[in-house]
Structures are given as C-alpha cells and as structure tokens.
Amino acid sequence: MGFQQTHETNQVLLSKIAISDGHGEDSPYFDGWKAYDNDPFHPENNPSGVIQMGLAENQLSPDLLVDWIKKHPKASICTDEGLLNFKDIANFQDYHGLPEFRNAIASFMGKARGGRVKFDPSRIVMGGGATGASEAVIFCLADPGDAFLIPSPYYAAFDRDLQWRTRAQIIPVHCNSSNNFQITREALEVAYKKAEESNIKVKGLIITNPSNPLGTIYDRDTLKSLVNFVNDNNIHLVCDEIYCATVFKSPSFISIAEIIEEMDHCKKELIHILSSLSKDMELPGFRVGILYSYNDTVVSIARKMSSFGLVSSQTQHLLAAMLSDDEFVDNFLVENSKRLAKRHARFTKELEKMGITCLNGNAGLFVWMDLRKLLKDQSFESEMELWRVIINEVKLNVSPGSSFRVTEPGWFRVCFANMDDNTVDVALGRIHSFVGKIDKKENNTIPMPPKKKPRENKLRLSFSFSGRRYEEGNVLKSPHMMSPHSPLVRAKT
C-alpha cells in the first residue's frame, strides 16, 4: 500500500529544505560510499569487493579502549558492577551535560593539545557529533544568506553540515599546490573584497586544523595572521580541531587556543573551537561533538540548541570515567600516534615505489594523493574518468579532489587508518597492478572498463560526466534513497 507521489506534489506539500538537494548525497564523494555499500570487500566472503578508503575513521587502537573497559566495568551502567548508578544516569539530564563529563572533556582537550593550554569546563557545549556542533555554531553566528570563507580544499561534507539547514553560504578561498595549499592573508583579502562587492555579508572564516583532506597543520605565523585578519574585519574565526590528536610526526600541533593567549590584542569573543572524540579517541559512533566558544552568548545559545542533539547520559557517564583516567589517556595518545605514524609511513613508502607521491603531511587519517600524471588531460572530466575506473575496476573507494573544491584536477583523498594490515596489503596490491597496466601503455591513457551485461542481483554504479545515472536493472535504490550504511547518518569523516 502507498500513495503515489510526484515532484510537483512535494513542491507544494513539503518545505524547501525537504525538497532541496542541499544534503549533497548525490555527489561523487557519497557515490563512492554507495559503491562500497553495494559491494563491500571481505577477505573471505567477497575478496573482489570494493575496499573502503573514503572513510576517515581510525581503527588502529581499539584494543586499548577494549582493555580499559574490561578493567573498569563500573564505568558502564549496563554491567553488574555499574548497576548502582543506573537509576541516576537513566533519569533525564539537562542540556548542560554531566559536570564530571564536561570536566573530563576539558581535561582531554588540554592533553590532546600537548598540555600547553587549559580549557574551562563551563564553556563546553555538547553536540551530536562534530556535525551537530558545526551546525550549531553556524546557527549562532549567521543568518540565511550570510557567508563564511573557507580555504579549499576543504572537507567535502561542509557543504551539507554548514549550509543545508542553516541556509548560510560557503565562499571557497582557493589554494594551490605551488605552496602546498597554504592559505595566505592576501588570498583572504581578495575573497573578502569580492564578497563585499557582491553585497554578501561575510560573518567569519572557518579553518580545519589539522586539515581534512590535506593531512597538514597550520604553523604559528599563519594562525596569528588569521587571527589578525578576523580582528581587523570584526568577523568570527571557527577552528575545526577534531584531528588535533592525530598528529604523528613533527612539527607539533598548535591550537588556536594557544595563539590567542600569546597575542596582546585579540578579540577572544570572535574565536570558536570545534572538537570531537571521533578521530582522536576512535569513537565516532558515540556521537560526541564539542563546541568551545570564547563568546559567552554563543555558549549560552548553543547550549540551548544542543537539546536537539545531546550526547546520551550513559555515554557521558562512561566517557567521564575513561577520560578522567590520566594514565590511560596519556598512554593512548602516545601509542595511537605511533601506530598512525607506522601506517602512514608504510602506505606512503609503498606508493612511492609505484611512482605515486602524496602531499607531505603529518596528521589525520588520510593522504592527499597526486595522480595528476595519470590524467589524459588536466581537466576535472579526466579526473572523474580516472575516479570511475578506480571505483569500478580497481575496486577502491577513494575520494576525488573535486569533492573537496580543489582547483587542480588529479588529487585524491585516500584514507589509510580504517582497515587492518591485510586489507592494506590488498589495497596496495590493487594500486600496484593498476599503475603497472598504465605504465605498459605508451601514451599513459586510462584504460576504460569494458561494458558488462547486467547480471541479476549484482549491484553496480555507472556514471556520466554530466551527472550520475543508474543503469536499469543494476541498482535497486533511486539516487535519493539511503543505503543502510548511508553517510547521511555516518559520523563526520
């Protein structure tokens, strides 16, 4: 049973947000996820399936978390040892959060930044993952139509997180490979002036430090320059620092919190920090996002808004105990950094043997891989052609640079920390085989996949340059239907 629905009917009955495509799920970034969902790799059950390398998830140190939980059963209200706290924790908790949770988060934020800065628990605001915290700060700072400058390339889902429901705008400030994609004051000034000339109100600058997708960090001079820029223009600075504890080699991470303490003239009320436990503590499913603002009004309003995306009280209870264990946190941060360094070194060295280079990074869960020499020509059409081959033939879900609003075709974000060593071996083997086939071709053109006849019950995506099309008989879902593991409900990646 059901009702026949048409686009025209929905135009009348539903809201503009409901019928818009602002979520961005119909994009190559999310299409790669769907390709994986439809044909996921498994070493035994589906060894020829798609390997997920588009998910920025850290799965290198779960044993450390499991070991702590086993040793501290009282931290969970779902164990015999923790049942005494069940009633209190299961009761309604207001949007301020458990005091012990906010204290533990503040302590962890300091440790994750090398202990060089302290955070005030009273300024901790919860959100439903970093996505929820990001959206909340935009709601606090901007009205529909207002804009934020963001250096590109930037996180592909920012278009969704920051614009879709808030109706704010993103103005990319384009950076390029000539200086390793570093932002400059001059580039910001040009973008800001153009926005003003177009009668667009710029409310702030947003940076991701460490960078997603670059895997690099901002140096001290650049951060001071950015603070001076927002001070001079009286606009906000939002610093997404959700990868701060993923730095695995020098130089050390520098938080904007350190910078503003060093500067004599700084309007602290313009500074806001986004934090999370998804990347730094490998807990994306716990949906712990944090907004830390130096603006009292933003703290107050964002806390009220957090009613729409609170962290569950049992999660707060567990994490309060875990993050208050100083010895455990210190050891976890050190060991996880070592494991990230080892995986990054192995992955990039093997790519170098194949003649593939990556941007020199020291943080994050991914590499910014340079495949420009594999393009037929330096165009985004060629980038998409190469990407389709990698998805459909090499069976790797990597994310094309165009999804991150980069201006130079041929760059790809490749995640390396969300799989075990054996899967890494398989992925590297596939890349090696693919590059070897290309090297044998005199003109270095991309081998296009042969057309296959549709096979019953076999899901496969097909793409066209002008947009996505789904070959009849091969895909069971429409472009707007979520898969069971759709990024619509995933953690921020």
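The values are calculated or read from the model by the stated rules, or taken from the named source; none is laboratory data. Quick caveat, the model's predicted, so the values are computed rather than measured. Every residue, glycine among them, receives a Cβ derived from its backbone with ideal geometry; neighbour counts consider all protein chains shown. Surface areas here come from the heavy atoms of the whole protein model, side chains and all, with no ligands, DNA or RNA. Shrake-Rupley method; radii C 1.70, N 1.55, O 1.52, S 1.80 Å.
Here the contact order of the chain, divided by its residue count and restricted to Cα pairs under 8 Å and six or more residues apart, works out to 23 percent. Remark: segment 16-28, residue by residue, has Karplus-estimated 3J(HN,Hα) of 5, 5, 5, 9, 7, 9, x, 5, x, 5, 8, 9, x Hz, where x stands for each Gly or Pro and the curve is 6.51 cos²θ - 1.76 cosθ + 1.60 at θ = phi - 60°. For segment 75-330, the calculated P(r), taken from all Cα-Cα distances in 10 Å bins from zero up to the bin holding the longest distance, is 7, 31, 36, 18, 6, 1, 0 percent. Evaluated with a Cβ-only charge set (Lys, Arg +1; Asp, Glu -1), the chain carries a dipole of roughly 920 debye about its Cα centre, given to the nearest 20. Proximity of backbone amide H atoms, modeled 1.01 Å from N, is registered between Leu55 and Cys415 at under 5 Å, excluding neighbours fewer than 5 places apart on the same chain.
Among Val389, Val426, the order of accessible area from largest down is Val426, Val389, computed with a 1.4 Å probe on protein heavy atoms. The angle between the Cα long axis of helix 313-323 and the main principal axis of the chain comes to about 80°, on a 0 to 90 degree scale.
Past the 20 Å Cα-Cα mark, which pairs from Lys87/Lys279; Lys118/Lys249; Lys267/Lys304; Lys111/Lys279? Going by Cα-Cα distance, Lys87/Lys279; Lys118/Lys249; Lys267/Lys304 fall outside the 20 Å limit. Computed with every protein chain present, the accessible area of Glu197 is close to 120 Å² [probe 1.4 Å].
About the Cα centre of segment 75-330, how large is the charge dipole given +1 on each Lys and Arg Cβ and -1 on each Asp and Glu Cβ? Please answer in debye to the nearest 20. Display every interim value, and only then the final one.
Details: 24 positive and 32 negative charges, 111 e Å.
For segment 75-330, the charge dipole is close to 540 debye.
The listed residues Val12, Val414, once ranked by accessible area (1.4 Å probe) with the largest placed first, stand as Val12, Val414.
After finding the eigenvalues of the alpha carbon gyration tensor for segment 196-264, what semi-axes result from the square roots of 5 times each, listed largest first in whole Å? Each step should come with its number before you reach the end.
Working: eigenvalues 117, 45, 16 Å².
The answer is 24, 15, 9 Å, longest axis first.
Computed on protein heavy atoms with a 1.4 Å probe, the accessible areas place Arg123, Arg165 in the order Arg165, Arg123, largest first. Glu196 contributes about 100 Å² of solvent-accessible surface, heavy atoms of the protein only, 1.4 Å probe.
The lysines whose alpha-carbon is closer than 16 Å to the alpha-carbon of Lys437, local same-chain residues fewer than 8 away aside, are Lys353, Lys373, Lys376, Lys395.
Can you give the angle from 0 to 90° between the axis of helix 62-71 and the longest principal axis of the chain, with both taken from C-alpha atoms, to the nearest 10? Between helix and principal axis, roughly 40 degrees.
Lys and Arg at +1, Asp and Glu at -1: add these up for the other residues within a Cβ distance under 15 Å of His174 and post the number.
Local net charge: +1.
Within the assembled protein chains, the solvent-accessible surface assigned to Lys74 is about 130 Å², based on a 1.4 Å probe.
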